[in-house]
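These notes are about the structure you will find just below.
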Amino acid sequence: MAYNAGSGLAVSIEEALNTITDITNSKKTIISDESRMRPKNSEVKHLIACSKKLNIATYWKSKVSLKNGLKMTIDWWEERYKDNKVRKSSNFSF
């Protein structure tokens, strides 16, 4: 059986990117592609993960905010980077 895991709260890509750039103090330019944006007249306004089946099956519940979860993930990657466990190329873009 497949399950979704999520907080049940809608978060836009823009909000997530802003949170990541705030946490990392990144000054990288974010480039958006208009052809990939949801049309203004789309019938889908938000995509929200429903964790109800997962909660019923396992009693799992989201306990970490998006910001804290991203911070923990970024801290984990930064530690791996310091330990030379990540390629140190900086010629990438978002």
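The values are calculated or read from the model by the stated rules, or taken from the named source; none is laboratory data. Not measured: the values here are computed from a predicted model. Every residue, glycine as well, gets a Cβ built from its backbone with ideal geometry; the counts of neighbours run over all protein chains shown.
Quick one: which residue in 23, 48, 56, 74 is under 22 Å from residue 9 (Cα atoms), touching a Lys or Arg at 6+ places or on another chain (Cβ under 7 Å) and without any contact (Cβ under 8 Å) to a residue 60 or more places away in the chain?
Details: 48 fails: touching a Lys or Arg at 6+ places or on another chain (Cβ under 7 Å); 56 fails: touching a Lys or Arg at 6+ places or on another chain (Cβ under 7 Å); 74 fails: touching a Lys or Arg at 6+ places or on another chain (Cβ under 7 Å).
Result: 23 is the single residue among 23, 48, 56, 74 that is under 22 Å from residue 9 (Cα atoms), touching a Lys or Arg at 6+ places or on another chain (Cβ under 7 Å) and without any contact (Cβ under 8 Å) to a residue 60 or more places away in the chain.
The rows are residues; the columns are (1) hydroxyl-bearing (Ser, Thr, Tyr); (2) surrounded by fewer than 11 Cβ atoms within 10 Å (Cβ to Cβ); (3) at pLDDT below 90.
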| position | (1), (2), (3) |
| --- | --- |
| 10 | no, no, no |
| 25 | no, yes, no |
| 39 | no, yes, yes |
| 43 | no, yes, yes |
| 74 | no, no, no |
| 78 | no, no, no |
Within region 3-54, tally of residues that are part of a loop (DSSP other than H, G, I, E, B), under 23 Å from residue 73 (Cβ atoms) and of a type in the set (D, E, K, R): 2
Somewhere in region 56-64, is a residue loosely packed, with under 11 Cβ neighbours inside 10 Å and part of a loop (DSSP other than H, G, I, E, B)? yes
